[in-house]
1. Limited to segment 172-189, what total is found for residues that are among the small types (Gly, Ala, Ser) and either closer than 24 Å to Leu103 by Cβ or touching a residue at least 40 places away in the same chain (Cβ under 8 Å) (or both)?
2. Within the group Val49, Val117, Val60, which residue is touching a Lys or Arg at 6+ places or on another chain (Cβ under 9 Å), among the β-branched types (Val, Ile, Thr) and at pLDDT below 95?
3. Within segment 118-152, track down each residue that is aliphatic (A, V, I, L, M) and either more than 20 Å from Gly4 (Cα to Cα) or surrounded by fewer than 19 Cβ atoms within 10 Å (Cβ to Cβ) (or both).
4. Select, from Leu221, Leu215, the only residue that is aliphatic (A, V, I, L, M), crowded, with 19+ Cβ neighbours inside 10 Å, over 15 Å from the mean Cα position of the chain (by Cα) and within 16 Å of Leu103 (Cβ to Cβ).
5. With the condition kept exactly as written, say whether any residue in segment 88-104 is assigned to a helix (DSSP H, G or I), touching a residue at least 24 places away in the same chain (Cβ under 8 Å) and more than 21 Å from Pro59 (Cα to Cα).
6. Among the numbered conditions (1) more than 30 Å from Arg188 (Cα to Cα); (2) touching a residue at least 12 places away in the same chain (Cβ under 8 Å); (3) not in a loop (DSSP other than H, G, I, E, B); (4) not charged (D, E, K, R), tell me where Leu76 comes up short.
7. Based on this model, can you work out whether Ala162 counts as at pLDDT 95 or above and hydrophobic (A, V, I, L, M, F, W, C)?
8. Return yes when Arg193 is farther than 18 Å from Ala164 by Cα and basic (Lys, Arg) and no when it is not.
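The values are calculated or read from the model by the stated rules, or taken from the named source; none is laboratory data. All values reported here derive from a predicted model rather than from experimental measurement. Methodologically, a virtual Cβ is constructed for each residue, glycine included, from the backbone with ideal geometry; neighbour enumeration extends over all protein chains shown.
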Amino acid sequence: MIDGIIFDKDGTLFDFRASWGGWARALLGAIARDAGHAAEMGRAIGYDVQSGQFAPDSPVIAATAADIAACLLTHLPGQTLDGVMDEINARAATAAMAPSVPLRPLLGALKERGLRVGLATNDTEAPARAHLAAHDITEFFDFVAGYDSGYGAKPGPGMCAAFAKRFGFDPARVVMVGDSRHDLEAGRAAGMRTVAVLTGIAGAEELRPHADAVLADIGALPAWLDGLQAA
């Protein structure tokens, strides 16, 4: 029933809070004049530097590096959007990602089922590939796209549609797995099934109306797939 799975990255493959809190703190510390300025810019991107928590509407959760840079730029007189984006992307590429589950066994099991596996992230493609390489999982991905790869950003369907088109799949036989409404809306707009996971910031109540299933994390995917086959 399913030919392929396309994953979001942050909050899906990798636990969002554990991965991106340190990145935000380091980024703000590097570009701020002082602690007060860091806190001010943190508020601009929905991040509390004291608690290390993200607001539910933080652009860091699902927006692009360009969007995040635009939020910061008004607090950085004399700097350019491209310059701030370069700083964001450089630090993102080396950010320590915390896997939401052991990834090699899970991805290996999905490939053993004969599934094609893709990645669609609103991160830039280069940092996304760096994160996959850092966790030795690049080999499992047949398709990797960031918002700058030419297919547009989520919630647009471009990345998801490109994955299905690359392999000649009926989108109805592909699953988009993500932790945000942007992910699920992108998948549905592409005609795919959608699965929400709770390793990001959004809760089940927000995600459930946009998903065919809500799982605690991606480790529950094999059992969910087995359930589809048994239905």
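1. First, the residues of segment 172-189 that are among the small types (Gly, Ala, Ser): 172, 178, 180, 186-187, 189.
Applying the additional criterion that residues be either closer than 24 Å to Leu103 by Cβ or touching a residue at least 40 places away in the same chain (Cβ under 8 Å) (or both) yields 178, 180, 186-187.
Counting residues in segment 172-189 that are among the small types (Gly, Ala, Ser) and either closer than 24 Å to Leu103 by Cβ or touching a residue at least 40 places away in the same chain (Cβ under 8 Å) (or both) gives 4.
2. Numbers: Val117 fails: at pLDDT below 95; Val60 fails: touching a Lys or Arg at 6+ places or on another chain (Cβ under 9 Å).
It is Val49.
3. Kept after step one, since they are aliphatic (A, V, I, L, M), are these residues of segment 118-152: 119-120, 126, 128, 130, 132-134, 137, 144-145.
Result: Ala126, Ala130, Ala133, Ala134.
4. Numbers: Leu215 fails: crowded, with 19+ Cβ neighbours inside 10 Å.
Unique residue meeting the criteria: Leu221.
5. The initial filter retains those residues of segment 88-104 that are assigned to a helix (DSSP H, G or I), namely 88-93, 103-104.
Filter once more, so that each one left must be touching a residue at least 24 places away in the same chain (Cβ under 8 Å): 88-89, 91-93, 103-104.
Now restrict to residues that are more than 21 Å from Pro59 (Cα to Cα): 103-104.
Checked segment 88-104: at least one residue is assigned to a helix (DSSP H, G or I), touching a residue at least 24 places away in the same chain (Cβ under 8 Å) and more than 21 Å from Pro59 (Cα to Cα).
6. Against the list (1) more than 30 Å from Arg188 (Cα to Cα); (2) touching a residue at least 12 places away in the same chain (Cβ under 8 Å); (3) not in a loop (DSSP other than H, G, I, E, B); (4) not charged (D, E, K, R), Leu76 comes up short only on (3).
7. Numbers: at pLDDT 95 or above: yes; hydrophobic (A, V, I, L, M, F, W, C): yes.
The answer is yes for Ala162.
8. Values: farther than 18 Å from Ala164 by Cα: no; basic (Lys, Arg): yes.
So Arg193 fails the test.
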